[in-house]
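Peer 1: Shown below is the structure under consideration.
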Ligand SMILES: Nc1ncnc2c1ncn2[C@@H]1O[C@H](COP(=O)(O)OP(=O)(O)OP(=O)(O)O)[C@@H](O)[C@H]1O
Ligand SMILES: [Mg+2]
């Protein structure tokens, strides 16, 4: 029982990081219908930024986090402007291939600049885990899960009630009609990339606190898992990304504990395949047809 | 108020509009009628800058608007009710109206205009919180019109507001268009229902395969032999 609870807590920990990253995939897909394959590499960009700020410049953790967020947002917005915007009216496949290209560019640029050798992420907090009998929760876990939940609630509030959030929903549903409302869709798209990358920046920092090795390809795996989480929950649906992230994290950690550590990826992909076979639009995706 | 000069518009290699010229004066209701595929929606989308024109000039209140992005045009007072209503189906009636007022920041006045929209369309008021996708076709048309009015347009363009509605509802919609016009909003109306469109319009243009082939007052075109044959069933 305590093994189960401990693993469940671990699952929520990684799951909340997947969820933060998945939000970036799903928000961008919602509005420009693009799977931004470079999103995972934004995690790597954030991680190197934080390492430089912490280790090289000797900044304190909050400033390093802020630097990671700012640089991630900058990268995300620039990538959209330079690589994706010119292709907005081209066939979907062109921007998809471009996204893969941007991902490779970022990884290889990092390889040239920083080398292949993983760099250690400095230890920031050294607080003893909290124990209830045989269950223990590390401070990092507590921090990660609560920060993620606060961010998700805030984001949900922003999307549902603010003017800019409503514009994002309108543009996701009907790009042309959003323009007819006087919504500047370019601004809305920039904002979407910025929010997604800010969340990735925070996610990257939390990820590095748990897995303190920074390397050029470190973003690929969490990026891929977060993408799967977004699809699992229903791509384009914001609560879906959150749910998908947690489901993925918990499934992965329970598989590692009870089945096999090497099988966890297979199980995760298996869940994805089963869910998509049963419900092609994802866990929270709607299958009802709309009135025309 | 609005003036189009020799507009050409292409979709790839297909030319949809050929040297379209017409104008709308302040306070008028001007109708564009024509068969399916004549290019009516293309004209509205050219004016709203949804699709670029390849040559010609569009003037709004004596300013060239050719190169302006769509949102600037809404700010200037040009609003469109698109073909097929296109309400935001996953948003509530209230949120749809708020989107109509997107370019405005005067929240008190927005509130007043919302009441004014509800006065025109009482049925929307009862359904404020309902998701727009669950409204009936007629209610969606009312919402699309209300939403466009929320931007306080000087010129309101409507693309086939009567499409798919029962005769009774068509009459209601046309009465409201007339009311909106009397409130001081100039109207450019695209319609297949030529009977209604011509009886309502001060002036009208007839479109055939991307060209304007006739123009005149609504009354005159209703008497026109060719127009009667082609669009009014004899
Ligand atoms: N996005 C597009 N791509 C290619 N061709 C298009 C596109 N939109 C319209 N067309 C073509 O342009 C011509 C004019 O279309 P348009 O929609 O303006 O006609 P319409 O008069 O509004 O017709 P309807 O009464 O059926 O709405 C048609 O031949 C149509 O097939
Ligand atoms: Mg049309």
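Residue-wise test of (1) away from ligand 2 (no atom under 16 Å from the Cβ); (2) outside the structural domain of residue B:113 (by TED's automatic domain parsing); (3) under 19 Å from residue B:39 (Cα atoms).
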| residue | (1), (2), (3) |
| --- | --- |
| B:172 | yes, yes, no |
| B:183 | yes, yes, no |
| B:193 | no, yes, yes |
| B:198 | yes, yes, yes |
| B:202 | yes, yes, no |
| B:212 | no, yes, yes |
| B:218 | yes, yes, no |
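Peer 1: Suppose the filter is within 16 Å of ligand 2 (Cβ to nearest atom), at pLDDT 95 or above and either within 12 Å of another protein chain (Cβ to nearest Cβ) or more than 22 Å from residue B:3 (Cα to Cα) (or both); does residue B:144 pass it?
Peer 2: On the way: within 16 Å of ligand 2 (Cβ to nearest atom): yes; at pLDDT 95 or above: yes; either within 12 Å of another protein chain (Cβ to nearest Cβ) or more than 22 Å from residue B:3 (Cα to Cα) (or both): yes.
Spelling it out, residue B:144 is indeed within 16 Å of ligand 2 (Cβ to nearest atom), at pLDDT 95 or above and either within 12 Å of another protein chain (Cβ to nearest Cβ) or more than 22 Å from residue B:3 (Cα to Cα) (or both).
Peer 1: Which residues, counting only those in region B:147-157, are within 16 Å of ligand 2 (Cβ to nearest atom) and away from every other protein chain (no Cβ under 12 Å)?
Peer 2: Going through region B:147-157, the residues within 16 Å of ligand 2 (Cβ to nearest atom) turn out to be B:157.
None; the set is empty.
Peer 1: So, in region B:85-94, of the ones that are more than 7 Å from every other protein chain (Cβ to nearest Cβ) and not in a helix (DSSP H, G or I), which residue ends up nearest to residue B:161 (Cα to Cα)?
Peer 2: Ranking the qualifying residues of region B:85-94, first place goes to B:85.
Peer 1: With (1) under 22 Å from residue B:92 (Cβ atoms); (2) in a loop (DSSP other than H, G, I, E, B); (3) at pLDDT below 95 as the list, and residue B:152 as the residue in question, which single condition is left unmet?
Peer 2: (3)
Peer 1: Among the residues in region B:159-170, are any at pLDDT 95 or above and either within 12 Å of chain A (Cβ to nearest Cβ) or out of contact with any strand residue (DSSP E or B) (no Cβ under 9 Å at 6 or more places or on another chain) (or both)?
Peer 2: yes
Peer 1: Name the single residue, out of those in region B:1-21 being within 15 Å of ligand 1 (Cβ to nearest atom) and touching a helix residue (DSSP H, G or I) at 6+ places or on another chain (Cβ under 9 Å), that is nearest to the other protein chains (Cβ to nearest Cβ).
Peer 2: B:11
Peer 1: Please go through (1) in a loop (DSSP other than H, G, I, E, B); (2) crowded, with 17+ Cβ neighbours inside 10 Å; (3) away from ligand 1 (no atom under 16 Å from the Cβ) for residue B:113 and return the number of the only condition it doesn't satisfy.
Peer 2: Failing condition for residue B:113: (1).
Peer 1: Given the residues B:134, B:103, which is the only one that is within 14 Å of another protein chain (Cβ to nearest Cβ) and surrounded by 16 or more Cβ atoms within 10 Å (Cβ to Cβ)?
Peer 2: Details: B:134 fails: surrounded by 16 or more Cβ atoms within 10 Å (Cβ to Cβ).
After applying the criteria, what remains is B:103.
Peer 1: Separate question: Here are some residues: B:97, B:73, B:124. Which one is more than 16 Å from ligand 2 (Cβ to nearest atom), surrounded by 22 or more Cβ atoms within 10 Å (Cβ to Cβ) and within 10 Å of chain A (Cβ to nearest Cβ)?
Peer 2: Values: B:97 fails: within 10 Å of chain A (Cβ to nearest Cβ); B:124 fails: within 10 Å of chain A (Cβ to nearest Cβ).
Just a single option satisfies the conditions, and that option is B:73.
Peer 1: Additional query: Among A:148, A:162, A:138, A:134, which is the only one that is under 16 Å from the mean Cα position of the chain (by Cα) and either modelled with pLDDT of 95 or more or over 30 Å from residue B:93 (Cα atoms) (or both)? I'd like the intermediate steps shown before the answer.
Peer 2: On the way: A:162 fails: under 16 Å from the mean Cα position of the chain (by Cα); A:138 fails: under 16 Å from the mean Cα position of the chain (by Cα); A:134 fails: under 16 Å from the mean Cα position of the chain (by Cα).
After ruling out the rest, the residue left standing is A:148.
Peer 1: Go through region B:22-77 and report how many residues are assigned to a strand (DSSP E or B) and either within 12 Å of ligand 1 (Cβ to nearest atom) or at positive phi (or both). Full working, then the answer.
Peer 2: At the first step, the residues of region B:22-77 found to be assigned to a strand (DSSP E or B) are B:22-24, B:29-34, B:55-60, B:63-64.
Still in the list and also either within 12 Å of ligand 1 (Cβ to nearest atom) or at positive phi (or both): B:32-34, B:56.
Counting residues in region B:22-77 that are assigned to a strand (DSSP E or B) and either within 12 Å of ligand 1 (Cβ to nearest atom) or at positive phi (or both) gives 4.
Peer 1: Of the numbered conditions (1) more than 10 Å from chain A (Cβ to nearest Cβ); (2) under 16 Å from residue B:149 (Cβ atoms); (3) in contact (Cβ under 8 Å) with a residue 60 or more places away in the chain, residue B:61 satisfies every one except a single condition; which is it?
Peer 2: The one condition residue B:61 does not meet is (2).
The values are calculated or read from the model by the stated rules, or taken from the named source; none is laboratory data. From a predicted model like this one, the values you see are computed outputs, not experimental measurements. Methodologically, a virtual Cβ is constructed for each residue, glycine included, from the backbone with ideal geometry; neighbour enumeration extends over all protein chains shown.
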